[in-house]
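For reference, the structure is listed below as structure tokens.
Rule-based calculations on the coordinates, nothing more; no lab input. All of these numbers come straight from a predicted model, not from anything done at the bench. Methodologically, a virtual Cβ is constructed for each residue, glycine included, from the backbone with ideal geometry; neighbour enumeration extends over all protein chains shown.
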Amino acid sequence: MPDTREKVTCLREEHADWPLRKIAQEVSVSVQRVSKILRTSGLPTRALKMNPVVHCRICNEITDGRMSCRQCRDKYYYRTVHCRACETPKRTSRANYNRHTRLGQLFYCNRSCYYEGKRQGWS
């Protein structure tokens, strides 16, 4: 049967992302004892931080930590809307689109279309 020191070092090598508390529970010793064993063995006492895998919200590919991959970036961050007065397509940011829809505002391409909408009673 392996002793405590061997168990602790094996667990640290196999599970580098486990905190000391979890290793201590597995071996049934205190956290301080696990820390001391790891320090004397020359192993790291801090658990490795594992980065979560982030998937693109449009194509579901793995990204570099962003909400969308490089190919889908334009689709995710920008929306195409149409002017209420002249139906001209206009590209707007996602934040601007969300703000307008949340406040119930209409989209216009310029001031003259905005004033046309006011005259028609759309705004």
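At-a-glance table
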{"read-out": "Cβ-derived FRET efficiency at R0 35 Å, Glu61 paired with Glu26, nearest 0.05", "value": "0.45"}
{"read-out": "Helix axis angle, 111-120 relative to the chain longest principal axis, alpha carbon, degrees", "value": "70"}
{"read-out": "Sequence-separation-based contact order of the chain, relative, with Cα cut under 8 Å and 6+ spacing, percent", "value": "14"}
{"read-out": "The stretch 76-120 shape via C-alpha gyration tensor axes, a/c threshold 1.5", "value": "oblate"}
{"read-out": "Cα long-axis angle, helix 94-103 against the chain (0 to 90 degrees, to the nearest 10)", "value": "60"}
{"read-out": "0 to 90° range, to nearest 10: angle between helix 4-14 axis and the chain longest Cα axis", "value": "30"}
